[in-house]
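Presented below is the structure to which this report refers.
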């Protein structure tokens with residue numbers, strides 16, 4: 001995430017349907033809010049696996065139906081690399 005545009009430029013980009021860094025984090029926060037609400041009645045150890053399953057299911061849908069990925073393994077490798085980087089960054093974050 002490295003959006004160097006000013007607020008006016010970011011808002012204009014978002015108005016045209018672009019997902020800016022700010023919008024990306026806003027969307028991610030909505031998923032985290034759902035997890036926090038569900039965690040009131042579901043154990044976190046069960047909940048995190050349900051979210052991982054849902055992410056895998058949705059990513060498979062995007063790969064097959066939106067991106068029309070024919071070669072699954074390169075896509076899987078790319079997604080694994082992205083997830084590993086995100087997970088490592090969050091584990092290193094003292095605020096998590």
Exercise. So which of 69, 76 is assigned to a helix (DSSP H, G or I) and either under 19 Å from the mean Cα position of the chain (by Cα) or at pLDDT 95 or above (or both)?
Worked result: 76
Exercise. Only one residue in 23, 30 is under 20 Å from the mean Cα position of the chain (by Cα) and modelled with pLDDT under 90, so which one is that?
Worked result: 23
Exercise. Among the residues of region 39-56, which ones are surrounded by 12 or more Cβ atoms within 10 Å (Cβ to Cβ) and either outside the structural domain of residue 90 (by TED's automatic domain parsing) or not in a helix (DSSP H, G or I) (or both)?
Worked result: 39, 42
Exercise. Any residue in region 83-96 that is touching a helix residue (DSSP H, G or I) at 6+ places or on another chain (Cβ under 7 Å) and assigned to a helix (DSSP H, G or I)?
Worked result: no
Seminar exercise, completed: So, first residue free of Cβ contacts under 8 Å to residues at least 60 places away in the same chain in region 82-93, second residue part of a helix (DSSP H, G or I), Cβ within less than 7 Å, six or more apart or across chains; the pairs are none
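The values are calculated or read from the model by the stated rules, or taken from the named source; none is laboratory data. These numbers come from a predicted model, not from an experiment. Ideal geometry is used to build each Cβ from the backbone, glycine not excepted, and the neighbour counts take in all protein chains shown.
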